[in-house]
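Every read-out reported here was derived from the displayed coordinates using simple, explicitly stated rules and does not represent laboratory data. Quantities reported herein were computed from a predicted structural model and do not represent experimental measurements. Heads up, the Cβs are rebuilt from the backbone with ideal geometry, glycines too, and the neighbour counts pull from every protein chain shown.
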Amino acid sequence: MENVSWIRHRDLHLLTVGRFTYTSDQRFISIHNPMTEDWTLQVRYPQRRDSGVYECQVGTTPPIGTTMFLSVVGE
C-alpha cells in the first residue's frame with residue numbers, strides 16, 4: 001500500500017501520513033477504510049480558521065495529489 005499524506009496548504013503543514021498524525025492539533029485524524037482504498041481526513045470540532053485548501057498525496061512514482069477546499073460555516 002502506498003503512503004497517503006494530508007497537507008494543509010495555508011502553511012504547508014504536514015497533517016498526517018498513513019494513520020499517524022504529525023501535527024500537534026489532535027483534531028486532525030486520517031481514517032482508512034480497510035475494505036476499500038479510501039482515505040478520509042477527519043477534522044473534529046472544525047473552526048472557521050480550518051477553512052482552506054487541503055491536499056491528499058499518494059506516495060507513488062510519480063506522486064499523485066488531489067486538492068480540495070474545505071469551507072467551515074457557522075459557529
For the structure I just gave you, tell me whether V72 is surrounded by 10 or more Cβ atoms within 10 Å (Cβ to Cβ), aliphatic (A, V, I, L, M) and more than 14 Å from the chain's Cα centre (by Cα). yes
For the range 4-60, enumerate the residues that are assigned to a strand (DSSP E or B), farther than 21 Å from V73 by Cα and either small (G, A, S) or more than 12 Å from the chain's Cα centre (by Cα) (or both). S5, S30
